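Beneath this line is the structure, given in structure tokens, with notes to follow.
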Amino acid sequence: MSAPALVIRNLSKVYDGTPAVNDISFTIETGEIFGLLGPNGAGKSTTINMIGGVTHIGGGSIEIFGHDNQSDYRTTRRQVGVMHQEIVIDNFFTIDQALQFHAGYYGVRNDEIWRQRLIERLGLGPHLHKVMIKLSGGLKRRFMIAKALIHKPRLLILDEPTAGVDVELRHTLWDFVREINRQGTTILLTTHYLEEAEQMCDRIAIMNHGKLIALQATRTLLKELGTRSLLVSLQTPVQGLPENLCGQGAELDSTGTMLQLTMSAGQSTGDLLKCLCDTDLPIADIETRKASLEEIFLQLTKAGKVEP
Amino acid sequence: MTNRPEPEFVSWLPFYTLLQKEIRRFLRVASQTLVTPVITATLYLFIFGATLGERISVLENFSYAQFVIPGLILMGVINNSFSNVASSLFMSRYLGNIVDLLVTPVTPTQFIMAYTLAAMLRGLAVGMIVWLISCLFAILPWAHPLAAVGMACLASFLFAQFGIIAAIHADNFDSLSMYTNFIILPLIYLGGVFYPISILPPLWASLSHLNPLFYLIDGFRYALLGVGDLPFPVSFGVGVTMSLVLFFWAASLIARSYRLRN
């Protein structure tokens with residue numbers, strides 16, 4: 001059986017006495033799309049920088065495909081491609097030249113077929129001979145993705161790849177990420193667009209104040225932590241909650257025309273509908289609603305309580 | 001799940017690529033990196049070779065132009081070797097694109113050698129052009145050609161190391177330019193480019209022996225003219241010692257990724 005793509009054990013990092021990453025451990029299996037989420041300053045980028053080798057490890061260890069990223073860094077760095085959050089480019093060179101340099105830094109000879117595929121899929125073709133300084137923000141982002149992939153890494157790290165990019169590029173990027181994932185590349189991504197994480201990731205870890213506060217399969221996270229509710233629109237305003245709905249987590253809005261019933265664990269939609277039928281409420285419409293990852297995220301990061 | 005075959009790793013390629021990138025970087029702005037220093041050196045040659053030089057004599061059997069040319073060549077070598085690595089590495093740190101290298105399998109040795117060789121190439125190219133232009137003003141005897149090449153290489157190597165150290169320690173452009181304006185230039189001008197140390201009063205002559213540039217310039221002049229204030233092995237030995245000290249200093253900074261990672 002092949003080694004996991006990434007094993008992080010008791011990873012820590014302290015900046016000026018403040019822990020940026022505080023004793024976190026997790027594993028990413030080969031072939032996964034893994035989301036690392038958290039508010040600004042949670043320690044996501046510091047973690048990614050330690051994995052990629054940009055930052056020294058403060059404590060703990062990182063193994064990439066079975067190799068320690070300190071003692072065997074020449075092996076591990078070849079297997080990782082990092083797209084950094086900040087746009088980092090060398091203004092002296094064109095996209096074409098920079099891609100050649102990046103393959104070379106990784107000790108990889110130019111693979112024209114792969115290079116052309118990246119250029120084509122990311123729409124860089126017409127801009128290949130432009131110097132970086134003349135590229136738009138979106139093109140720089142596209143170039144950075146190509147740069148992270150030019151040496152065919154087995155683990156691709158995307159640190160907020162869609163920050164500040166338009167919808168079209170976002171779709172192009174995610175389609176491409178899914179495609180390379182299907183071909184065997186493991187993905188570790190951070191994003192502030194939680195809807196994207198919900199759609200893309202097999203598993204999600206949430207960090208806050210340097211600590212890992214949740215780590216679950218995306219579906220499990222949504223199922224276990226996501227509350228469900230019924231939204232009931234009323235034809236005419238009512239003055240107060242009917243007696244049998246009190247204690248059911250029911251809330252009536254200020255207009256008296258919208259009722260929200262939150263389902264407790266083990267309660268079904270049928271149970272709630274039965275309670276509703278027993279009332280004389282003038283029901284106009286009913287909508288069921290599941291809490292999004294965004295709500296779960298806010299709930300967890302505000303509380304910071306759930307242990308993985 | 002399908003897997004792409006892992007590409008073959010060529011261990012020397014990271015070094016070669018970084019060297020190539022550094023060379024292409026200075027060639028891309030050749031008007032700044034090659035033409036400007038040559039114009040400066042040509043102006044010196046014109047002033048000291050064709051105008052003032054005819055009225056000054058500091059070394060028996062040699063014109064003043066012949067005396068000053070070795071120092072001007074070495075000045076070009078030193079300044080450009082230093083500037084090449086200092087500006088490139090500092091800009092990479094300043095703009096943040098150094099992370100593009102930090103995430104790759106480039107080893108500290110490859111890192112230092114690539115930056116050093118590119119800096120030496122630029123420094124020696126400028127030195128060579130200055131020498132060619134100097135032929136219009138005076139012909140040098142090239143008394144010990146191998147020693148001259150060795151000394152020029154040593155000087156450019158040494159100042160490439162100094163460039164790495166400066167680029168890592170500098171916090172901003174001002175502090176980087178301080179290395180040039182307050183260290184290199186005074187050392188060059190007081191190191192015997194324009195006058196032999198032997199004509200100075202004893203106190204100043206003794207103080208000049210503390211200037212590391214004096215040994216490089218004197219050794220290079222000896223190699224080209226066949227005369228110098230010091231025996232060549234002393235100049236060369238001091239140059240080698242300084243180069244080793246600065247190399248290990250630079251290597252220790254790079255190996256620890258001092259002010260590069262984090």
* Run the numbers on segment A:144-175: which residues show a drop of 40 Å² or more in accessible area, chain on its own versus all protein chains together, using a 1.4 Å probe over heavy atoms? => A:LYS152
* Residue of A:ASP23, A:ASP280, A:ASP90 that the Gaussian network model of chain A assigns the largest fluctuation, springs spanning Cα pairs under 10 Å -> A:ASP280
* Threshold 40 Å², segment B:74-101 residues less accessible with all protein chains present than alone (1.4 Å probe) -> B:ASN97, B:VAL99, B:ASP100
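Expressed as a rounded percentage, what relative contact order does chain B have, with Cα pairs under 8 Å and six or more residues apart? Numbers along the way, then the final one.
On the way: 344 pairs, mean separation 63.9, N = 262.
Relative contact order, chain B: 24 percent.
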* To do: Obtain the nm distance between the two label points defined at B:GLU60 and B:TRP142 by a simple spin-label model: each point lies 7 Å from its Cα along the Cα-to-C-beta direction.
  => 2.7
* Asked: By accessible area of protein heavy atoms, probe 1.4 Å, what ranking do B:CYS135, A:CYS275, A:CYS246 get, highest first?
  -> A:CYS246, B:CYS135, A:CYS275
* Structure fact -> In segment B:1-95, the chymotrypsin sites (Phe, Trp or Tyr not before Pro) that sit in a DSSP loop and have at most 13 other Cβ atoms within 10 Å of their own Cβ are B:TRP12
* Give the accessible surface of segment A:57-117 per residue, rounded to a whole number of Å², with probe radius 1.4 Å and ligands, DNA and RNA excluded. => 38
* Asked: When DSSP beta bridges are limited to those with both residues in chain A, what percentage is antiparallel, rounded to the nearest 5?
  -> 70
* To do: Please compute how much accessible surface disappears when A pairs with B, both sides summed, using a 1.4 Å probe, and round it to the nearest 100 Å².
  => 3800
* To do: Determine the alpha carbon to alpha carbon distance for each of A:LYS13/A:LYS140; A:LYS211/A:LYS290; A:LYS13/A:LYS223; A:LYS44/A:LYS223; A:LYS140/B:LYS21; A:LYS140/A:LYS211 and list only those over 22 Å.
  => A:LYS13/A:LYS140; A:LYS211/A:LYS290; A:LYS13/A:LYS223; A:LYS44/A:LYS223; A:LYS140/A:LYS211
* Would you mind telling me the share, in percent, of accessible area of chain B contributed by carbon and sulfur at probe 1.4 angstrom? => 69
* With every protein chain left in place, what is the accessible area per residue of segment B:31-255 in square angstrom, probe 1.4 Å? -> 41
* To the nearest 0.05, what FRET efficiency results for A:GLN299 and A:SER61 with a Förster distance of 22 Å applied to their C-beta separation? -> 0.10
* Asked: For A:HIS129 and A:VAL238, what is the calculated FRET efficiency with R₀ set at 60 Å and r taken between the beta-carbons, to the nearest 0.05?
  -> 0.30
* Asked: Got the relative contact order for segment B:60-150 handy, in percent, Cα pairs under 8 Å and 6 or more residues apart?
  -> 50
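What average number of partner chain Cβ atoms lie no more than 10 Å from the Cβ of the residues making up B:20-32?
So the per-residue partner count for this stretch is 2.
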* Can you give the relative contact order of chain A as a percent, counting alpha carbon pairs under 8 Å and 6+ residues apart? -> 20
* Asked: Carbon and sulfur atoms: what percent of the 1.4 Å accessible area of segment A:227-290 do they account for?
  -> 48
* If we count GluC sites (Glu not before Pro) as exposed when they sit in a DSSP loop and have at most 15 other beta carbons within 10 Å, what is the longest stretch of chain A that avoids them all? -> A:87-308
* Summing Lys, Arg as +1 and Asp, Glu as -1, what charge do residues with Cβ under 14 Å from the Cβ of B:ILE112 carry, B:ILE112 excluded? -> 0
* Which distance in nm do the two modelled labels at B:LEU187 and B:THR107 give, with both placed 7 Å along the Cα-to-Cβ direction? -> 2.9
* For segment A:227-290, what is the convex hull volume of the alpha-carbon atoms per residue, in Å³? -> 78
* Tell me, what is the FRET efficiency for B:SER11 and A:GLN116 to the nearest 0.05, using R0 = 30 angstrom and their Cβ-Cβ distance as r? -> 0.70
* To do: Under a 10 Å cutoff between Cα atoms, tell me which one of A:ASN69, A:ASN244, A:ASN91 has the largest fluctuation in the Gaussian network model of chain A.
  => A:ASN244
* To do: Only bridges with both residues in the protein assembly as shown count here: give the DSSP antiparallel percent, nearest 5.
  => 70
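The values are calculated or read from the model by the stated rules, or taken from the named source; none is laboratory data. This structure is a prediction, so every number in the text was calculated from the model and none was measured. We place every Cβ from the backbone using ideal geometry, glycine too, and count neighbours over all the protein chains shown. Note: accessible area is taken over every heavy atom of the protein model, side chains too, but ligands, DNA and RNA are not part of it. Shrake-Rupley method; radii C 1.70, N 1.55, O 1.52, S 1.80 Å.
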